[in-house]
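In what follows, a structure is listed as structure tokens, so that the remarks can point back to it.
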Amino acid sequence: MNYLIRSLLFLGILLLGVACKKDIVEDDNACDNCPDTDIIGGDYAPTAYTLDIPDWMGTPILPADNPLTLEGVALGRMLFHDPIISSDSSMSCASCHLQDRGFTDGIAVSTGVEGRQTTRSSMPLINLAFNPNGFFWDGRSPSLEDQALHPVMDEVELNEDWDNVVRKLQRHDQYPLRFREAFGIERASEINKELAVKAIAQFERTLISSNSRFDRVVYLNDGWLTDSEQRGKDLFYVEPTNPDHPGCSHCHGGVNFTDYSFRNNGIDTVATLDDFADKGLGGVTGKYYDNGRFKVPSLRNVALTAPYMHDGRFLTLGEVLEHYSSGGHGVENEDPNIFPFPLSEQQKQDMIAFLKTLSDTSFVNNPEFANPFH
Ligand code: HEC
Ligand code: HEC
């Protein structure tokens, strides 16, 4: 008898358990005695994250509605490296943005899930917090938060639906607590794509490179450039009195080696400005004279980010320099700062030696940017 009662009781508890499980999936309020698994628990006590930026670098742009916190940055780092955000769990942001390559991928145009081909070259993710002027080669995205929405939905990149990503994050055994710690949400069901991209953007803003040999010599007075590097530097920086001068710093000036403008640097021959295979800025603004203009990229860590240009057409810095020395193809809206200049073998070597001083080994080896799952 006793045994029978106990058995029935056990069976009852078992059934109740099954019923609860089912109810939680279908309707949170249907089961009064079930524990509320949507509640996350744990503390929300975020710690402000202070970017370690030397004063000569200027002021980063940090949106007031997404302040950096240790918890937010840590969550963003996880999301950046986690293939959970792709349709077949095969790729993460880091698949196309590898730290040891200055967060590019080393191929001409990027490959997405199932080997799908994109049409553009992956961009370095370096000192993005200083960019005042739109993201992507054509500037179509206004903020890092907005930018991070795109690769997930792009069918040739991660080919995933944000609703699916969010569902996977809500059911994950770690993410709900991480989102609570970063953003103070109380329920797993409050995880959404807006919070996910805020965290990713926070992590990206910490990707600061300011410790290259160039930085140490020029800004910290620590060491010297070699003769060859110095000659390359003299060529790179504008010298108005010399008509044979390459004038790189007209466009690649400032601490980040870009003026953040969009220009046609003369790499294509086209009959009319409507004929560019990739219209660049013009594809966004719809303006004829913007066709063929692309973002002037930063040259920090450029020796690590080959191949070069928006479509990765140049394999080496030597090829890049030969292009500039040729003076471009004379297309209508080619920038006036693109003009032919003599380039001896020695000058080429000097310029490359100079560009290599922009490599920052502490940046590409910084353990705080690495995959947190390894
Ligand atoms: C399939 C490869 C691929 C994946 C995956 C990928 N990216 Fe990219 N990323 C690119 C390419 C290619 C570009 C340039 C695209 C363009 O200009 O249209 C780019 C551009 C960017 C830029 C613009 C940088 C600048 O200076 O304007 C940022 C930021 C970025 N990616 C972050 C991310 C984040 C965050 C993720 C994950 C959510 C991600 N990427 C996933 C290939 C990839
Ligand atoms: C008129 C402005 C301008 C001048 C002058 C200029 N550049 Fe550029 N540079 C650009 C633009 C715009 C791009 C991107 C073009 C594209 O992708 O289609 C670029 C791309 C590059 C890249 C490729 C970087 C990457 O991540 O793919 C390198 C390297 C480079 N420039 C070096 C130089 C050097 C060295 C000089 C001087 C010899 C120079 N540039 C002069 C505007 C300029």
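What to note about this one:
- Search result, residues across region 140-166 that are out of contact with any helix residue (DSSP H, G or I) (no Cβ under 6 Å at 6 or more places or on another chain) and over 21 Å from residue 82 (Cα atoms): 142, 143
- Residue that is nearest to residue 53 (Cα to Cα), among those in region 231-268 that are modelled with pLDDT under 95 and among the β-branched types (Val, Ile, Thr): 238
- Residue check: residue 260 meets all listed conditions (1) touching a residue at least 60 places away in the same chain (Cβ under 8 Å); (2) within 15 Å of ligand 1 (Cβ to nearest atom); (3) closer than 27 Å to residue 344 by Cα but one, namely (3).
- Residues in region 152-199 that are basic (Lys, Arg) and touching a strand residue (DSSP E or B) at 6+ places or on another chain (Cβ under 7 Å): 187 only.
- Of everything in region 253-267 that is surrounded by fewer than 19 Cβ atoms within 10 Å (Cβ to Cβ) and not polar (S, T, N, Q), the residue that is nearest to residue 57 (Cα to Cα) is 255.
- Counted residues, region 231-280 - those being in a loop (DSSP other than H, G, I, E, B) and either more than 11 Å from ligand 2 (Cβ to nearest atom) or within 21 Å of residue 136 (Cα to Cα) (or both): 30
- Residue 321 vs. criteria within 7 Å of ligand 2 (Cβ to nearest atom), touching a residue at least 12 places away in the same chain (Cβ under 8 Å) and outside any loop (DSSP other than H, G, I, E, B): yes
- Subset of region 109-156 (residues that are farther than 22 Å from residue 282 by Cβ and hydrophobic (A, V, I, L, M, F, W, C)): 113, 125, 126, 128, 129, 130, 144, 148, 149, 152, 153
- Listed by position, the helices (runs of 4 or more DSSP H) inside region 79-189 whose residues that are crowded, with 17+ Cβ neighbours inside 10 Å and more than 7 Å from ligand 1 (Cβ to nearest atom) number at least 3 are 162-171, 175-183.
- Near pairs, Cβ below 9 angstrom, 6+ apart or cross-chain, from region 343-358 (part of a loop (DSSP other than H, G, I, E, B)) to any residue that is within 16 Å of ligand 1 (Cβ to nearest atom) and basic (Lys, Arg): 358/300
The rows are residues; the columns are (1) in the same structural domain as residue 133 (by TED's automatic domain parsing); (2) at pLDDT below 80; (3) closer than 26 Å to residue 172 by Cβ; (4) exposed (fewer than 12 other Cβ atoms within 10 Å of the Cβ).
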position: 10; (1), (2), (3), (4): no, yes, no, yes
position: 16; (1), (2), (3), (4): no, yes, no, no
position: 19; (1), (2), (3), (4): no, yes, yes, no
position: 22; (1), (2), (3), (4): no, yes, yes, no
position: 27; (1), (2), (3), (4): no, yes, yes, yes
position: 35; (1), (2), (3), (4): no, yes, yes, yes
position: 44; (1), (2), (3), (4): no, no, yes, no
position: 68; (1), (2), (3), (4): yes, no, yes, no
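Residues are listed down the side, and each one gets a yes or a no for (1) among the acidic types (Asp, Glu); (2) within 21 Å of residue 109 (Cβ to Cβ); (3) at pLDDT 95 or above; (4) within 16 Å of ligand 1 (Cβ to nearest atom):
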position	(1), (2), (3), (4)
281	no, yes, yes, yes
291	no, yes, yes, yes
296	no, yes, yes, yes
303	no, yes, yes, no
316	no, yes, yes, no
319	yes, yes, yes, no
336	no, no, no, no
341	no, no, no, no
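- Among residues of region 285-300 being surrounded by fewer than 17 Cβ atoms within 10 Å (Cβ to Cβ) and not hydroxyl-bearing (Ser, Thr, Tyr), the one that is nearest to ligand 2 (Cβ to nearest atom) is 287.
- When region 301-318 is filtered for residues that are among the hydroxyl-bearing types (Ser, Thr, Tyr) and more than 7 Å from ligand 2 (Cβ to nearest atom), only 316 remains.
- Selection status of residue 197, over 15 Å from the mean Cα position of the chain (by Cα), near ligand 1 (Cβ under 9 Å from one of its atoms) and either β-branched (Val, Ile, Thr) or over 30 Å from residue 287 (Cα atoms) (or both): no
The values are calculated or read from the model by the stated rules, or taken from the named source; none is laboratory data. As the structure is a prediction and not an experimental result, all values here were calculated from the model. Backbone-built Cβ (ideal geometry, glycine too); neighbour counts: all protein chains shown.
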